[in-house]
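Student: Structure incoming, see below.
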Amino acid sequence: MSKTNVFKHIAAFVYDVFPVVGILIITSGITLILRSGDAVQAHTWWFQGFVFCEIALYYIYFWKVGGQTIGMKAWKIHIHPNNQTQDHLTWKQAFMRFVVGILSTAFLGLGLFWKFYSKEGKSWMDLVSDSHTTYINPTK
């Protein structure tokens, strides 16, 4: 099992910004249509909550169903559960990975940079979700 590069994880995260922004633009457009052209006021709790849930669903769904987001697919990174009898993460594992990923991001990626200090090359997200990341087709 080859350790995945932290900087490729960051690149995958940046890559994932584009489909997420696309989803949010569509959501905003639909919301605007449903509200007959009236914009949602800034800091509206229900809209912020809805947007947060959309972002969560994007990551959790892709990690659960395919083991990788669109950005991870582009950078050939895949998430595998440590349990050999599982093919994919459970919903709980994917949810926990997302929650810790939010915390890691809030701490400027400290959870991801933890891979440098971990003997197994695991991030906080790997540790809490009982999983590991690998390259699909490692070239080096």
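The values are calculated or read from the model by the stated rules, or taken from the named source; none is laboratory data. These figures come from a predicted structure and were not determined experimentally. Positions of Cβ are generated from backbone atoms using ideal geometry, with glycine treated the same way; all protein chains shown enter the neighbour counts.
Student: Could you grab me the full set of residues in the stretch 60-87 that are within 11 Å of the chain's Cα centre (by Cα) and assigned to a loop (DSSP other than H, G, I, E, B)?
Tutor: If the condition is that a residue be within 11 Å of the chain's Cα centre (by Cα) and assigned to a loop (DSSP other than H, G, I, E, B), then Gly67, Gln68, Thr69 are the ones that fit.
Student: Here are some residues: Gly101, Gly121, Gly111. Which one is of a type outside the set (S, T, N, Q), on the phi > 0 side of the Ramachandran plot and surrounded by 15 or more Cβ atoms within 10 Å (Cβ to Cβ)? Full working, then the answer.
Tutor: Working: Gly101 fails: on the phi > 0 side of the Ramachandran plot; Gly111 fails: on the phi > 0 side of the Ramachandran plot.
On inspection, the qualifying residue turns out to be Gly121.
Student: In the stretch 3-36, what count of residues is obtained for those that are exposed (fewer than 14 other Cβ atoms within 10 Å of the Cβ) and of a type in the set (Ser, Thr, Tyr)?
Tutor: First, the residues of the stretch 3-36 that are exposed (fewer than 14 other Cβ atoms within 10 Å of the Cβ): 7, 14, 17-18, 21-22, 25-26, 29-30, 32-36.
Narrowing the set further to residues that are of a type in the set (Ser, Thr, Tyr) leaves 36.
Counting residues in the stretch 3-36 that are exposed (fewer than 14 other Cβ atoms within 10 Å of the Cβ) and of a type in the set (Ser, Thr, Tyr) gives 1.
Student: Next question, about the same structure. For the stretch 122-137, name all the residues that are part of a helix (DSSP H, G or I) and either touching a strand residue (DSSP E or B) at 6+ places or on another chain (Cβ under 9 Å) or more than 20 Å from Tyr61 (Cβ to Cβ) (or both).
Tutor: Residues of the stretch 122-137 that are part of a helix (DSSP H, G or I), as a first pass: 124-128.
Residues satisfying the conditions are Trp124, Met125, Asp126, Leu127.
Student: Could you list, in sequence order, the residues of the stretch 37-59 that are among the hydrophobic types (A, V, I, L, M, F, W, C), surrounded by 11 or more Cβ atoms within 10 Å (Cβ to Cβ) and either assigned to a loop (DSSP other than H, G, I, E, B) or within 12 Å of the chain's Cα centre (by Cα) (or both)?
Tutor: Answer for the stretch 37-59, where residues must be among the hydrophobic types (A, V, I, L, M, F, W, C), surrounded by 11 or more Cβ atoms within 10 Å (Cβ to Cβ) and either assigned to a loop (DSSP other than H, G, I, E, B) or within 12 Å of the chain's Cα centre (by Cα) (or both): Val40, Ile55, Ala56, Leu57.
Student: Quick check on my filter: what residues within the stretch 60-89 are at pLDDT below 95 and among the hydroxyl-bearing types (Ser, Thr, Tyr)?
Tutor: Passing the criteria: only Thr85.
Student: State yes or no: is Ala11 out of contact with any Leu (no Cβ under 7 Å at 6 or more places or on another chain) and closer than 19 Å to Thr134 by Cα? Give the steps one after another, and end with the answer.
Tutor: Details: out of contact with any Leu (no Cβ under 7 Å at 6 or more places or on another chain): yes; closer than 19 Å to Thr134 by Cα: yes.
In short, yes.
Student: OK, next. Considering each of Val21, Val14 in turn, give the residue that is touching a residue at least 12 places away in the same chain (Cβ under 8 Å) and assigned to a helix (DSSP H, G or I).
Tutor: Working: Val21 fails: touching a residue at least 12 places away in the same chain (Cβ under 8 Å).
Step by step, each of Val21, Val14 is checked, and only Val14 is touching a residue at least 12 places away in the same chain (Cβ under 8 Å) and assigned to a helix (DSSP H, G or I).
Student: What is the residue count in the stretch 88-121 for residues that are touching a residue at least 12 places away in the same chain (Cβ under 8 Å) and in a loop (DSSP other than H, G, I, E, B)?
Tutor: Count: 6.
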